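Trainee: Structure provided below as structure tokens; questions to follow.
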Amino acid sequence: MSETPRLVVGPFNRVEGDLEVQLDLAEGRVASAQVNAPLYRGFERMLEGRAPSDALTVTPRICGICSISQSAAAAQALAAASGLVPTPQGALMAALIHAVENAADHLFHFNLFFMPDFTRPAYAAQPWYRLAVERFAAINGAAGRAAIEARTQLMHILGLMAGKWPHTLALQPGGVTRAPGPRDKLRIETSLRQFRKYLEREVFGGSLEEFVALGSIDALMRWQHGDVGLFLEIAAETGLADLGRGSGRYLSFGAYPLAEGHGFAPGLWRAGTLSPVDPSGIVEDLSHAWMLGGAAHPFEGQTEPDEAMREAAYTWCKAPRMKGEPLEVGALARQVIDGHPLARELAGGGVLARVAARLLELARTQILMEQWAAQIDPAGVFMHHGALPENGTGAGLVEAARGSLGHWLRIEGGKIASYQIIAPTTWNFSPRDAQGVPGPLEAALVGAPVMEGEDTPVSVQHIVRSFDPCMVCTVH
């Protein structure tokens, strides 16, 4: 290595899209990192001057994986601007539709995006390697094929209730467009029963309720069943618990708002203390982004690309901060904030913590979906109708699988005057701010081991994928 070695990793494959990570190395470890989102698209600018309802059509095109999350955020922003509140049954059905997408996302992350990294030749000498290849090798892995089939069957619910996926228009400010009948309810319940059978047979190798009941890291690491058991064996052998640890500061806007409260609670977790979320404390810092303008709350912010790409910046991604601090978002954040005892023990972060929390959330989400399906009342009202205002503001704050997603809308003269979006990966992969404080991924990469001659260090791959990045969502 050179006296001041530097390594540029990327672009990453699979779902992440455009991503480049620059690493400064010292004594075989990452000394500092800069995460670059090298693609600017301009969705926020596209929305300016359009009819407010166009947000329901345009924003889901930001991403083909979490498009319902974008729909949910847009619908909430429009509802807030117009004073509409979804009917209880409409909110229930919207939550179920959204949860199906998030569960499918968690499933694919584990089987197709994260676990295949352990089939790399670097691990060929490990005792678990042969089974990892059989289960998770790209294209031929049995677990991947089973996950694709199970996901397809689960998403029949979206075909039934959302009309299509991705890019549905079923979610509206006042509820959902289609009221399920008795046969629809039966078909939803049947699809969920089939998905549970798959999860308990293949992924968890046991009862979902037994996995959810695990209350400590020690209990978790004793789980030896299914593909989760294989992951935990690999995690123990490769030190994933200590790899990629974060700050322990987490944000959740709250997942699945219902008449009686959220499915997973909102909150801010900082220094082991839970407090309410105050969205007014969010500011987007532009000091290291190729964006023009000053730091501002999304209601006052703008998306003006710096075409000169000034040298002080290194990414198109803005740096969102909550009262000056970077926050990690995602399944780990949600489960810590919702108060699950296992997640609270995992709150120190790391690769093991993020993946285990995603699996925990997958099991808990399945249980929630079954409860919601049982509560569907075909005789209920699923939509409130109302007119959009000539002038107004509204925020839509939801939880995608990858974390907290916010839409901030300002309407003037019946048109969109401003539309700002902060996606989960914008939080997690944000650059340094004006004080030089790195974003969550940049901080988590520090200390990762890099072997001599590694062009794409496996440790870096594991850390990046533990955040489950979706770079196309990062810069709009």
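The values are calculated or read from the model by the stated rules, or taken from the named source; none is laboratory data. Owing to the predicted nature of the structure, the values given are computational and were not obtained by experimental measurement. A quick note on method: Cβ atoms are made from the backbone with ideal geometry, for glycine too, and the neighbour counts reach across all protein chains shown. Each accessible area value is taken on the protein alone, full model and side chains, heavy atoms only, with ligands, DNA and RNA left out. Shrake-Rupley method; radii C 1.70, N 1.55, O 1.52, S 1.80 Å.
Trainee: If DNA, RNA and ligands are ignored and the probe is 1.4 Å, what is the ranking of His340, His385 by accessible area, most exposed first?
Mentor: Result, largest first: His385, His340.
Trainee: Rounded to the nearest whole Å³, what is the per residue volume of the convex hull around the Cα atoms of segment 247-380?
Mentor: For segment 247-380, the hull spanned by Cα atoms encloses 156 Å³ per residue.
Trainee: Where the only charges are on Cβ atoms (+1 Lys, Arg; -1 Asp, Glu), what is the dipole of the chain about its Cα centre, to the nearest 20 debye?
Mentor: 1080 debye
Trainee: Let me ask something else about it. Could you order Arg321, Arg187 by accessible surface area, starting with the largest, using a probe radius of 1.4 Å?
Mentor: Largest accessible area first, the list is Arg187, Arg321.
Trainee: Another one. So, for segment 218-271, what is the accessible surface per residue at a probe of 1.4 Å, expressed in square angstrom?
Mentor: 43 Å²
Trainee: Work out the FRET efficiency for Ala296 and Arg29 from their Cβ-Cβ distance, taking R0 = 35 Å, and round it to the nearest 0.05.
Mentor: 0.45
Trainee: Can I ask one more? Does segment 320-438 come out rounded, prolate or oblate by the C-alpha gyration tensor, with a ≥ b ≥ c the root eigenvalues, rounded set by a/c under 1.5 and, if not, prolate when a/b is larger than b/c and oblate if not?
Mentor: Oblate, since a/c reaches 1.5 and b/c is not below a/b.
Trainee: Kindly write out, for segment 66-71 in residue order, the coupling ³J(HN,Hα) from the Karplus curve 6.51 cos²θ - 1.76 cosθ + 1.60 (θ = phi - 60°), rounded to whole Hz, with x marking Gly and Pro.
Mentor: Each residue's phi maps through the Karplus curve to give 10, 5, 5, 4, 5, 4 Hz.
Trainee: Okay, next question. Under 24 Å between alpha carbons, and skipping anything fewer than 8 positions from Lys164 in its own chain: which lysines qualify?
Mentor: Lys185
Trainee: How big is the chain on each of its three principal axes, counting only the C-alpha atoms and giving the largest first in Å?
Mentor: 64, 54, 40
Trainee: Rounded to the nearest 500, what is the 222 nm mean residue ellipticity of the chain from helices alone, with -39500 (n - 2.57) per DSSP H run of 4+ residues and division by all residues?
Mentor: -10500 deg cm²/dmol
Trainee: A follow-up question, please. Can you work out ³J(HN,Hα) from phi for every residue in segment 234-244, in order, using Karplus 6.51 cos²θ - 1.76 cosθ + 1.60 and θ = phi - 60°, giving whole Hz and x for Gly and Pro?
Mentor: These are the phi-based 3J(HN,Hα) values: 5, 4, 5, 6, 9, x, 5, 5, 9, 8, x Hz.
Trainee: Label 7 Å along Cα→Cβ of Ser216; segment 338-352 residues with amide nitrogen under 16 Å?
Mentor: Once the point is set 7 Å along Cα→Cβ of Ser216, 341-347 turn out to lie under 16 Å by backbone N, inside segment 338-352.
Trainee: Quick query: amide H of Ser404 versus all other amide H atoms, modeled in the peptide plane; which residues come in under 5 Å with a sequence gap of 5 or more or a different chain?
Mentor: Distant-sequence amide H within range of Ser404: Gly330.
Trainee: What part of the accessible area of the chain, given as a whole %, is carbon or sulfur when the probe is 1.4 angstrom?
Mentor: 52 percent
Trainee: I need the shape label for segment 124-171. Rule: rounded when a/c is under 1.5, else prolate if a/b > b/c, else oblate, with a, b, c from the alpha carbon gyration tensor.
Mentor: Since a/c reaches 1.5 and a/b is larger than b/c, the shape of segment 124-171 is classed as prolate.
Trainee: Can you give the FRET efficiency for Glu134 and Ala434, using 1/(1 + (r/R0)^6), R0 = 56 Å, r = Cβ-Cβ distance, to the nearest 0.05?
Mentor: E(calc), rounded to 0.05, equals 0.65.
Trainee: To continue, here is another question. To the nearest Å, what is the center-to-center distance of segment 51-79 and segment 189-251, using C-alpha atoms only?
Mentor: 31 Å
Trainee: Please label the shape of segment 1-134 as rounded, prolate or oblate, based on the square roots a ≥ b ≥ c of the eigenvalues of the alpha-carbon gyration tensor (a/c under 1.5 means rounded; beyond that, a/b larger than b/c means prolate, else oblate).
Mentor: oblate
Trainee: Can you work out ³J(HN,Hα) from phi for every residue in segment 273-279, in order, using Karplus 6.51 cos²θ - 1.76 cosθ + 1.60 and θ = phi - 60°, giving whole Hz and x for Gly and Pro?
Mentor: Rounded to whole hertz, the list is 10, 9, 9, x, 7, 10, x.
Trainee: Considering the options Gln89, His109, Gly181, tell which one lies farthest towards the positive end of the dipole of segment 84-195, charges being +1 on Lys and Arg and -1 on Asp and Glu at the Cβ, about the Cα centre.
Mentor: Gly181
Trainee: Just report the Cα centroid separation between segment 409-476 and segment 296-337, whole Å.
Mentor: 8 Å
Trainee: Contact order normalised by length for the chain, with contacts defined as Cα pairs under 8 Å and 6 or more residues apart; what percent is it?
Mentor: It comes to 25 percent, rounded to a whole number.
Trainee: Right, another one. List the GluC sites (Glu not before Pro) in segment 170-277 that DSSP assigns to loop (not H, G, I, E or B) and whose Cβ has at most 15 other Cβ atoms within 10 Å. Which are they?
Mentor: Those satisfying the criteria are Glu260.
Trainee: If you don't mind, there's one more thing I want to ask. Just to confirm a number: summing +1 for Lys and Arg and -1 for Asp and Glu over residues other than Thr87 whose beta-carbon lies under 15 angstrom from that of Thr87, what do you get?
Mentor: Local net charge: -1.
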